[in-house]
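The values are calculated or read from the model by the stated rules, or taken from the named source; none is laboratory data. Bear in mind the structure is a predicted one, so any value in this text is a computation, not a measurement. Here Cβ is always computed from backbone atoms with ideal geometry, including for glycine, and neighbour counts include all displayed protein chains. Heavy atoms of the whole protein, side chains included, go into the accessibility calculation; ligands, DNA and RNA do not. Shrake-Rupley method; radii C 1.70, N 1.55, O 1.52, S 1.80 Å.
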Amino acid sequence: MVYVYIGLTFMLLLQLELGYTATCGSLEFEQDTVTEGGVATLTYKPYNIHAARYWYSETTNLTLLYDSGKSNNDIKYAEAAQGRTFTLSIKRVVLADTGNYIVRCDERGTYSDRATLNVIGESQTDCGSLTVKANTLAEGEIARLEFTIHPGRQIKWEKKINSTFQQLFNGGDYYMPKYGEKTTVHNLLIYNSDYSHSGEYRVNCDPAVSNTVYLNIVPTPPTVPEFSGNESIPECKECILAELNVPVNVECFVRGGTEPVVLNMFKDGNIISNVNKSITGSKNGVNIYHARHIFIPSKMDFDVVFTCTVKNPALRVELVMSAPLYIRADPETVKIKVKQTTENEPSEIQCITKKGRPPRKSSILIDNNEEVKTEKTSEIKTDHTYSVTTTVVKNFTRFDNQKKVMCCSVILNRICSNTSNVNVLFPPKIVRVTEMMKSNEDNGETELKLRCSVEASNPRSSIEWKGVKKVTRTLTIKEYTNHSDTHGWTYFADWVFNLTKDDNGRSMRCEVKNPQFPNLELVQSYRPNITYAPIITVSVSGQENGVAYLGDDVFLTCHVDSNPPSTLSWYNQTALIKELYGAKNFDLPLVNISFDHSQTYTCTARNSIGSTKSKNVTLIVKDASEKPVTKPTTGQQSASSSVAVAVIGCVIALVVAVIAVIAFLYRRKKRQNTSLERKGTYQMKIEDRKPSVHLVGNEPVYNNVATSSNGNAVEEQPEYAFVVPKNERENANACPESDNDAENESPENEKGDNLVYAELDLNQDSNNAVKRPLLIRDEPTEYVSIDFHKTGTVTMNEDGGEI
């Protein structure tokens with residue numbers, strides 16, 4: 001709010017208002033005493049020759065005689081210029097022209113010196129001559145009037161009071177020395193002169209009177225009014241500070257001044273009639289004039305202005321001083337607003353006050369420490385109060401989380417908001433997986449308790465387990481704890497997992513999730529170490545039904561599954577043959593066997609958990625002459641040929657099924673630990689009429705050649721690509737004829753070379769190893785279907801899956 005201080009202007013003009021201050025220039029009469037009817041000439045020497053000239057008379061009131069800037073019709077006054085000097089002639093003076101004269105040189109009220117004129121009447125010369133030693137005196141100076149007359153005449157001193165001359169009596173303020181009858185000079189002394197002594201004096205020598213003289217006692221002006229108790233606040237300088245509905249003492253005063261001093265008080269330009277006025281003295285004898293008013297501000301008084309004026313004879317115009325009333329009010333509401341923030345990102349805290357005045361910035365305190373770098377915005381309301389927002393912007397860390405924040409406003413009283421907390425969001429940095437308990441059986445069945453614990457975060461984090469979809473698990477405990485340093489939440493949860501040996505080395509991952517940090521990637525992996533005793537399977541190749549022949553090569557393979565790794569040993573019925581540590585497959589090759597190899601063989605495996613012994617493998621060695629030979633018969637070949645011709649039309653329809661069943665049987669064979677299972681990677685090659693399964697590399701190859709069932713022995717026949725069940729053979733032979741004659745006559749299908757049928761013995765030993773067919777039995781024929789046109793290579797890995 002902007003206030004206009006009228007009094008400041010009058011302070012600057014104070015010297016111009018004082019009666020004895022000359023700022024325009026000097027002024028004097030060529031003759032101080034002029035006889036009635038004569039001409040009096042005023043001489044004016046201005047400081048600024050270009051300034052305006054307004055000639056005034058102060059005989060009774062301030063009367064404009066001549067304005068140099070206008071046309072003047074009064075011929076009594078005439079102005080003339082003589083270089084840098086100006087004169088004003090006053091023609092045909094009369095007794096009423098006696099008094100003071102002055103010149104004003106601007107609109108602000110700047111004046112020259114005063115000059116005093118005495119006019120003597122023509123008849124007064126018979127009564128003697130009256131003079132004054134100094135026409136103009138300051139208050140307190142001695143005034144001396146001197147009258148000369150013939151000796152022996154009685155005289156009376158007179159002064160004009162209220163337009164008539166009245167006799168002055170000796171005593172009081174006046175002193176008239178007594179002289180003898182022969183005295184010709186009489187004096188009138190005024191020792192302690194003041195403004196009341198100013199005026200016209202004469203001597204009455206009855207019946208005649210003397211000439212009159214004008215005595216000008218310059219009055220002492222009072223000081224510019226001042227308001228008591230004014231205070232300075234940033235919003236209002238030199239204000240009368242007040243509170244709503246609380247009485248305030250509005251007081252102004254002036255010092256000194258010649259009586260009368262008239263001090264008045266106004267409220268918004270209207271005079272206050274019930275002002276309490278008083279006068280007090282000071283140590284130096286100067287009077288102090290007071291004006292007091294008790295005022296109770298209401299909401300309607302926010303723009304009130306008090307004004308004090310003083311009038312005094314020494315002042316041409318009254319002095320004025322104004323002071324605005326500034327009503328202060330504590331805010332009705334003080335609220336703290338703390339925005340949620342993320343760690344190390346700028347955050348804003350606001351303190352909002354409403355219905356307060358003036359618009360003061362609030363103090364924001366964090367853990368009782370005041371923030372220095374704050375900003376303020378304010379908005380004035382229709383009721384002259386303010387809404388003020390004080391803001392501070394800071395970066396917080398996780399250690400600032402939940403710090404106490406409040407703000408306080410101080411106008412009249414200290415008013416503080418409620419306490420709030422800084423809510424700093426921060427993610428966890430560490431996740432741990434701890435093995436709390438582990439119960440491991442010899443067969444690998446394991447009960448495992450894992451604890452996943454998460455470092456402090458805000459808000460709380462959660463966890464998820466990955467890689468355990470098919471694992472039986474139970475949540476046993478979970479617990480959130482408020483961290484003392486950051487007030488964030490730590491979290492741990494215990495899970496019990498029921499595992500088997502197949503879960504050994506499984507990748508189990510504890511992943512952390514947090515709703516405020518969706519891109520958080522915090523994972524801890526754990527791989528269980530499940531120990532179990534060895535599990536053994538044994539396979540034999542190069543013999544049939546436990547019978548081998550002199551000079552043959554027989555391979556005994558021991559496969560073990562264990563953790564930790566086992567020591568494998570091959571024994572015969574008398575002693576240890578061979579031992580190996582850490583392998584999964586341990587071969588015992590019997591090359592170019594002799595009758596000495598007719599023994600019982602066993603494989604053992606042992607580790608820190610336990611040991612296992614395989615079933616006995618008994619090998620009987622016979623003379624090579626006893627080895628049976630099997631040759632295919634004409635009837636069987638004819639039957640095979642006719643079957644192949646009958647099936648040739650179905651090759652295209654069955655090719656997809658053949659490939660799928662081949663893959664299925666290989667996996668099935670592998671799961672059953674067939675005798676073809678060997679360390680490394682196998683390949684199945686289907687070449688034209690020569691299908692086979694063999695190890696990659698330079699391992700022995702077993703041709704898979706089907707024969708007819710003529711009772712003769714067959715060559716090595718360890719594996720077949722495809723078996724057609726008996727109940728499906730008739731359907732296979734009865735493939736419907738195609739409507740396309742050209743397709744049926746295709747050379748590809750004339751001989752039916754795509755299918756071969758053979759008898760198979762698929763009975764299994766107790767150790768799940770498939771028996772190899774050693775003899776052709778009189779049993780229904782099973783069929784092998786091989787598509788020779790789809791030749792190529794299928795590579796399988798160790799566990800039976802395709803690479």
Task: Those residues of the range 199-214 which are buried (at least 23 other Cβ atoms within 10 Å of the Cβ) and of a type outside the set (Phe, Trp, Tyr), in sequence order - done: 202, 203, 210, 211, 212, 213
Open item on the list: Looking for something open to solvent by less than 30 Å² (accessible area, probe 1.4 Å), free of Cβ contacts under 8 Å to residues at least 60 places away in the same chain and part of a strand (DSSP E or B) - is there at least one such residue anywhere in the range 67-83?
Closed with: yes
TODO: From (1) within 57 Å of the chain's Cα centre (by Cα); (2) open to solvent by 20 Å² or more (accessible area, probe 1.4 Å), pick out the condition that doesn't hold for residue 322.
DONE: (2)
Task: Spans of strands (runs of 3 or more DSSP E) in the range 395-457 with at least 3 residues farther than 30 Å from residue 356 by Cα - done: 431-440, 446-457
TODO: Sort out which residues of the range 172-193 are within 30 Å of residue 312 (Cα to Cα) and either buried (at least 18 other Cβ atoms within 10 Å of the Cβ) or under 60 Å from the mean Cα position of the chain (by Cα) (or both), and write them in order of number.
DONE: 188, 190, 193
TODO: Please enumerate the residues belonging to the range 279-304 that are part of a strand (DSSP E or B) and open to solvent by less than 40 Å² (accessible area, probe 1.4 Å).
DONE: 288, 289, 290, 291, 293, 295
- [ ] Take the range 587-616 and flag every residue that is in contact with a Gly (Cβ under 8 Å, 6 or more places away or on another chain) and not in a loop (DSSP other than H, G, I, E, B).
- [x] 590
TODO: Considering each of 585, 545, 592, 529 in turn, give the residue that is in contact (Cβ under 8 Å) with a residue 40 or more places away in the chain, under 27 Å from residue 506 (Cβ atoms) and polar (S, T, N, Q).
DONE: 585
Open item on the list: Can you list residue pairs whose Cβ atoms sit under 7 Å apart, with the first residue in the range 24-35 being touching a residue at least 12 places away in the same chain (Cβ under 8 Å) and the second being part of a loop (DSSP other than H, G, I, E, B) and among the hydrophobic types (A, V, I, L, M, F, W, C)? Count only pairs 6 or more apart in sequence or on different chains.
Closed with: 24/51; 24/105; 34/93
Task: Entirely in the range 178-262, the strands (runs of 3 or more DSSP E) that have 2 or more residues that are in contact with a strand residue (DSSP E or B) (Cβ under 7 Å, 6 or more places away or on another chain), at pLDDT below 90 and within 27 Å of residue 320 (Cβ to Cβ) - done: 213-218, 231-233, 236-243
Open item on the list: Among the numbered criteria (1) open to solvent by less than 60 Å² (accessible area, probe 1.4 Å); (2) among the small types (Gly, Ala, Ser); (3) in a strand (DSSP E or B), which one does residue 51 miss?
Closed with: (3)
Open item on the list: Would you confirm, using the coordinates I've provided, whether residue 379 is open to solvent by 60 Å² or more (accessible area, probe 1.4 Å) and under 25 Å from the mean Cα position of the chain (by Cα)?
Closed with: yes
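Taking the range 458-509, which residues are of a type in the set (S, T, N, Q), surrounded by 19 or more Cβ atoms within 10 Å (Cβ to Cβ) and in a loop (DSSP other than H, G, I, E, B)?
The answer is 461, 486.
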Task: Lone qualifier among 65, 42, 18 - being closer than 28 Å to residue 138 by Cα, out of contact with any Cys (no Cβ under 9 Å at 6 or more places or on another chain) and modelled with pLDDT under 85 - done: 18
